[in-house]
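Notes follow once the structure below has been shown.
The values are calculated or read from the model by the stated rules, or taken from the named source; none is laboratory data. Since this is a predicted model, take the numbers as computed values, not measurements. Quick reminder, even Gly has a Cβ in these numbers, built from the backbone with ideal geometry, and neighbours come from all protein chains shown. When the accessible area is computed, the model is the full protein with side chains, heavy atoms only, and any ligands, DNA or RNA have been set aside. Shrake-Rupley method; radii C 1.70, N 1.55, O 1.52, S 1.80 Å.
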6 protein chains.
Amino acid sequence: MPFIQFDGGQMSKEKKAELVAKLTETAQEVLGIPSQAFSVLIRENSMDNIGQGGKLLSELHK
Amino acid sequence: MPFIQFDGGQMSKEKKAELVAKLTETAQEVLGIPSQAFSVLIRENSMDNIGQGGKLLSELHK
Amino acid sequence: MPFIQFDGGQMSKEKKAELVAKLTETAQEVLGIPSQAFSVLIRENSMDNIGQGGKLLSELHK
Amino acid sequence: MPFIQFDGGQMSKEKKAELVAKLTETAQEVLGIPSQAFSVLIRENSMDNIGQGGKLLSELHK
Amino acid sequence: MPFIQFDGGQMSKEKKAELVAKLTETAQEVLGIPSQAFSVLIRENSMDNIGQGGKLLSELHK
Amino acid sequence: MPFIQFDGGQMSKEKKAELVAKLTETAQEVLGIPSQAFSVLIRENSMDNIGQGGKLLSELHK
C-alpha cells in the first residue's frame, strides 16, 4: 500500500514502464511514503468497453 | 463521475453499446446528474474466472 | 455475477434502493440474465476525493 | 456479498477452481457467512502491467 | 501482488486480522507465492449500499 | 477515461488536491492524453483494513 489501479486503453510496454515509474515517483513525492510501498496495476481496455456520456468511446472517436 | 464498473461475461459490441446507453440513462434519471458526467467500464470475464458459492461458473453451468 | 460497482457522491437510502432496483432491471433486460444473479455495490465518495481534469470536484463546484 | 476480487498473474483452470473453493471456505469460516453468499472474481494480469516500487514485475523478475 | 480486495459488511478488528492472515495463508498455499507478496484490502460496506437481485440487503434482511 | 483509483491511508484535503493534480499531469505527459479526460478517485482506508504479508498495517506499524 498505497495501491494504484489505472484503467486506460492499450499501450506499449515502454509506456507501461514509464507510467509505473512516474506515477510511483509522483505519489511518493506528494505523500512522503517510500516508493517500495507502492503497487500499480495497469488495466488495458478496448474502446468498445468504455462508455462516456452514454456512448462507447469506439463510437465517439470514429 | 459517477463511475460505473460492470463485471460480467463476454458480450457483443451491440450489447455493450446498449448497456452503456441504458445504464447511463437509468442512473441519470434516478440521480438527476447529466449523462455527460457518467463513465462506464465493462469488464468481460471468462466463466473460469468467476466463483459463486465456492465453485467456478464454468463448472456450475456445465 | 454480473457485478456492478457504482462510485458516486452521497445519496439517500431511497435513492440507493431506486438505483439498485433500476440498474438491475436495466441490465437484466439488456443481457437476458435473471435479476437474482446481479449484485450492486454503491460507494459514496466525498467531493474532496474525486478529481476531474486534475482538480477536485469540491473545488470545481464551489 | 461478500465479494472478493483477486488480482494476480496467469494461472491454470485447476488453480482457479482451487483458489475459489479455498478462499470461499476460509472467509466463510472466519465470518460465519454461508458460502453461497460469496462471489470471487479472479483477474489475471501480465507481469508487464504490474508495478512494484516503481518497476514492472516483468523487469524485476528477469 | 497478488492483491485481494474484500468487500463485505462491518467487522471487528479481530475479524479483520484473522481474515487477512487466513486469506493470505490460503492463497499462498494454493499458488506457491510467498506470503510477503500479498496485499489485502478490506472494504466495509453498509447493508444500505449493497443490492442483491435488485433489492438492498438492508431491506432483504429486515 | 483514463480512470485512476488510488487506495491509501487518510490524508488532508491539500494532499488530495496535490495528488489529483500531479497524478493527472504525470499520466497526461506519459500518454499524451488531454488532462480533461482523466478521473481520479482517492479512497482513504484505515490501517486496520489493509494487510501486508498476512498482517494488518496497524499491527505492523505499532
### Task
For residues that are touching an Asp or Glu at 6+ places or on another chain (Cβ under 9 Å) and more than 8 Å from chain C (Cβ to nearest Cβ), tally how many sit in the range F:5-15.
6
### Summary
If we ask which residues in the range B:29-38 are open to solvent by less than 40 Å² (accessible area, probe 1.4 Å) and farther than 16 Å from A:LEU60 by Cβ, their number turns out to be 1
### Selected residue [more than 18 Å from the chain's Cα centre (by Cα) and acidic (Asp, Glu)] from D:GLU44, D:GLU59, D:GLU18
D:GLU59
### Summary
If we ask which residues in the range A:5-62 are touching a Phe, Trp or Tyr at 6+ places or on another chain (Cβ under 7 Å), assigned to a helix (DSSP H, G or I) and under 18 Å from B:ASN45 (Cα atoms), their number turns out to be 0
### Message
Residues that are of a type outside the set (A, V, I, L, M), more than 7 Å from every other protein chain (Cβ to nearest Cβ) and surrounded by fewer than 18 Cβ atoms within 10 Å (Cβ to Cβ): does the range D:16-28 have at least one?
### Response
no
### Message
For the structure I just gave you, tell me whether A:ASP7 is touching a Leu at 6+ places or on another chain (Cβ under 9 Å), open to solvent by 30 Å² or more (accessible area, probe 1.4 Å) and at pLDDT 95 or above.
### Response
no
### Query
Residues in the range C:29-42 that are more than 7 Å from chain E (Cβ to nearest Cβ), touching a helix residue (DSSP H, G or I) at 6+ places or on another chain (Cβ under 7 Å) and touching a residue at least 12 places away in the same chain (Cβ under 8 Å): how many?
1
### Message
Any residue that is surrounded by 15 or more Cβ atoms within 10 Å (Cβ to Cβ), touching an Asp or Glu at 6+ places or on another chain (Cβ under 7 Å), among the aliphatic types (A, V, I, L, M) and under 26 Å from A:SER12 (Cβ atoms) - is there at least one of those in the range D:47-54?
### Response
no
## Note on the structure
For A:MET47, the lone unmet condition from (1) at pLDDT below 95; (2) touching a His at 6+ places or on another chain (Cβ under 7 Å) is (1)
### Task
With respect to F:LEU41, determine if the residue is open to solvent by less than 50 Å² (accessible area, probe 1.4 Å) and closer than 18 Å to A:ILE33 by Cα.
no
